[in-house]
1. Tell me the relative contact order for segment 323-376 as a rounded percent, counting alpha carbon contacts under 8 Å between residues six or more apart.
2. Taking the highest mean first, how do the peptides 338-349, 93-104, 178-189 order by number of other beta carbon atoms within 10 angstrom per residue?
3. Which GluC sites (Glu not before Pro) from segment 243-336 combine a DSSP loop assignment with at most 13 other Cβ atoms within 10 Å?
4. Calculated FRET efficiency, Glu248 and Val403, Cβ-Cβ r, R0 25 Å, to nearest 0.05?
5. Per-residue HN-Hα couplings for segment 166-180, Karplus 6.51 cos²θ - 1.76 cosθ + 1.60 at θ = phi - 60°, whole Hz, x for Gly and Pro?
6. For segment 319-376 and segment 203-258, compute the distance between their C-alpha centroids and round to whole Å.
7. Search the structure for amide H atoms under 5 Å from the amide H of Asp385, placed 1.01 Å from N in the peptide plane, and list their residues when 5 or more places away or on another chain.
8. Please turn the phi angles of segment 341-356 into ³J(HN,Hα) values with the Karplus equation 6.51 cos²θ - 1.76 cosθ + 1.60 (θ = phi - 60°), one per residue in order, whole Hz, x for glycine and proline.
Amino acid sequence: MNENLNNNENKDLGTANSQRTYTAVSMKQKRKINFARNILTPFAFGILGCMTVLGICIHNPTLQNSLKDTFSNNVASNTILNNSKNISLPDYSSTAISVANKVLPSIVGIKVEYQVNAFFYGTSTSNAEGSGIILSEDGYILTNNHIVNTSSNSSYYDIEKANKITVFLYNDETEYEAKIVGKDSQTDLAIIKIDKSGLTAATLGDSDSLQVGEFAMAIGNPLGMQSSVTSGIISALNRTVTDTNGTEYTLIQTDAAINSGNSGGALVNCNGEVVGLNTLKLSGTGIEGMGFAIPINATLDVTDELITYNKVRRPFIGIGGINITEELSKQNNLKVGIYVKTLEDFSSAEKAGVKVGDIITAINGEEVKTMDKLNEIKNNHEIGDKITLTIFRENEELKIDVVLGEAPSDK
């Protein structure tokens, strides 16, 4: 009996062991199947997909170039990021030092002596100071018109033109008398010249390539303290600023300190290239670090004209006009446009047959409603160009061809 029981128990144990063995084998097989299904199969398809993409790229130049550009941009971005982390204070100082050393010999101090006739105090002599940029080794210097053109008047005084202009060179105690070669109030630029050769001409940069945030240094003669440098960044580009005379300029904004006497000096980049002519600053309660410079690219044509012709030659129509707004149009039953109020004697407009009372509505088919727009279109043409004015005269539309003349110097 016991023997039978033991035999039965042994049979049961054998069966259980065989089941366990079978189960273990089954689990191993399942693991192999799951491993193949979950890992090997996706991996194989992944390799196949990569080979397919690479094959397409090799035979598709457009896609190949696109991938190259993406890779290059990522590398460039990482390089910039890594470089920005590696910038050190000594490196920044070295940049500023090298820029100052390069540019300082090309910047001059300017002192202007003029006569003031005050109605209650009589006649006296006064001085103004500014800065300038050497353009050539033989003594041509770029500066601001408002520095050398001191002539103005009011109810209480009259400031005559400069009696004397003196230039001070870097590390040179000699005073050099300068003469005005040409000046232009519309752009606030002037060229003066001293009788000296062997000067260090400034290197001019490209103001059109400036970026907001890049290094900037202002060099000039603030408050009579010759050869002073201040540094900062380019704060903004293409700022529209109107001066106290109502003249509008498009300027570079910087937080490099610009003070009285800095006008006419240089705004330079990290390569020591002049990118702007320091011109003005905003001042007052709550205002700090807002200086402005004329982009150097905007000075190139003007300086060439001033050196060659002693003035800036501009196209000229020869009319004085009033803007006819929508309101004026309704009130006076007139066309919207420019009402011709005056005609210059012997001007292009007069010769072409334009009359006082005409209303100009278009130039070369482009609508004009203001004198500013008319002048903008006109100034995009050259002296001698022919333009077509659309004019309304007594409710009749006329087309009049006008050959642009040269503006008189007082215009």
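1. Value for segment 323-376: 36 percent.
2. 178-189, 338-349, 93-104
3. For GluC sites (Glu not before Pro) across segment 243-336 that sit outside H, G, I, E and B with at most 13 neighbouring Cβ atoms in 10 Å, the list reads Glu288.
4. The formula returns an efficiency of 0.35 here.
5. 10, 10, 10, 8, 5, 6, 9, 7, 6, 9, 10, 7, 10, 10, 7
6. Centre-to-centre (Cα) distance: 37 Å.
7. Amide H neighbours of Asp385, under 5 Å, 5+ apart: Leu404.
8. After applying 6.51 cos²θ - 1.76 cosθ + 1.60, I find 8, 9, 10, 6, 4, 6, 7, 4, 5, 5, 5, 7, x, 5, 10, 4 Hz.
The numbers here are math on the coordinates, done by the rules we state, and not lab data. Being a predicted model, the structure only gives us computed values, none of them experimental. So basically every Cβ, Gly included, is an ideal-geometry build from the backbone, and we count neighbours across all protein chains shown.
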